[in-house]
1. What is the gain in length, in nm to one decimal, between SER56 and HIS212 on full extension, counting 0.36 nm per residue of separation less the C-alpha to C-alpha distance?
2. So, in nm, how far is label ASP165 from label ASP3 when the simple model puts each one 7 Å beyond its Cα toward the Cβ?
3. Add +1 for every Lys or Arg and -1 for every Asp or Glu among the other residues with Cβ under 14 Å from the Cβ of ALA119, and state the total.
4. Could you work out the relative contact order of the chain, using alpha carbon pairs under 8 angstrom and six or more residues apart, expressed as a whole percent?
5. For an R0 of 30 angstrom, estimate the FRET efficiency from the Cβ-Cβ distance between TYR185 and THR37 and round to the nearest 0.05.
6. Let me check I've understood the local charge: for LEU217, count other residues with C-beta under 11 angstrom from its C-beta, Lys and Arg +1, Asp and Glu -1. What total comes out?
7. What 222 nm value per residue comes from the helices of the chain, counting each DSSP H run with n ≥ 4 as -39,500 (n - 2.57) and dividing by all residues, nearest 500 deg cm²/dmol?
8. Could you identify which residue out of GLY177, GLY123, GLY145 has the top mean-square fluctuation in a GNM of the chain using Cα springs shorter than 10 Å?
Amino acid sequence: MVDKNKVKKLALRLGVDLVGFGPARKMDAAPAGHRATDFLPDAETIISAAIRINYSAVEGLPKTRREYVNANDGARTILNEALVRVSGYLEEQGYSAIPFLQGTDRELMMGDLSLKHAAVVAGIGEFGLNNLVLTPQFGPRVLLGAVVTSAPIKPDPPLKIQLCDRCGACLKACPTGALKDPKGYNREKGWTIDKHRCFHYIYEVLEPRYGHYSCGLCIKACPVGKNRSHKLAQKTP
Ligand code: SF4
Ligand code: SF4
């Protein structure tokens, strides 16, 4: 059994803000082909990690759109490096470990592994109506990554508190109407947004001018974690 606190401390020291551990076989809510065992058949544990994004650039949207994209790129570099280093540590202990970094299949608007479902399984957060993972500390103002490993590590409990109160602020803030019918919303499974509208706005309207992941308005609108400071980052055990 790998020492969970050692892995957690390493990830936090490398700059991530939140780390959670979940059972790799409990990803049934994720779409087929995007679960941990689809990539590592003997996977035992999902390690989900999150780094908070720059609050000030989010608050300044849409005026600070370029700064928001640049700040996210910087945070993504730190997160990705931490995930690679954690995977390396686990491999040195004799286990398989694959880092799943930020980056999406553009058509599907999701990564190989569903990083959002991985975060929910690892107890980091829950789905909000904006179809993003809300964390108690930072709401949806985080970037997510994960490591899937064959190392058995004691899982964290699922998040107990309910964060999304269905206030509807994200639905109102969406400029494309992509978040329009929350029927079928589930805090563990998420729900289906109109990805075509979101995709068109992000990749065809905004990206040529600002770069990828450049909308952020459904993040800005969410009151969960809005007034929290970075001092609330997860404490080192
Ligand atoms: S990223 Fe923008 S377009 Fe996409 S759902 Fe959020 S607010 Fe709507
Ligand atoms: S803005 Fe309101 S409805 Fe949307 S995810 Fe946040 S809490 Fe939920």
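1. 54.3 nm
2. About 4.3 nm, to one decimal.
3. +3
4. With pairs under 8 Å counted, the relative contact order is 27 percent.
5. 0.70
6. +3
7. -8000 deg cm²/dmol
8. GLY177
Values in this text are rule-based calculations from the coordinates and carry no lab data. Computed from a predicted model, the values in this text were never measured in an experiment. No Cβ is skipped: glycine too gets one built from the backbone with ideal geometry, and neighbour counts run over all protein chains shown.
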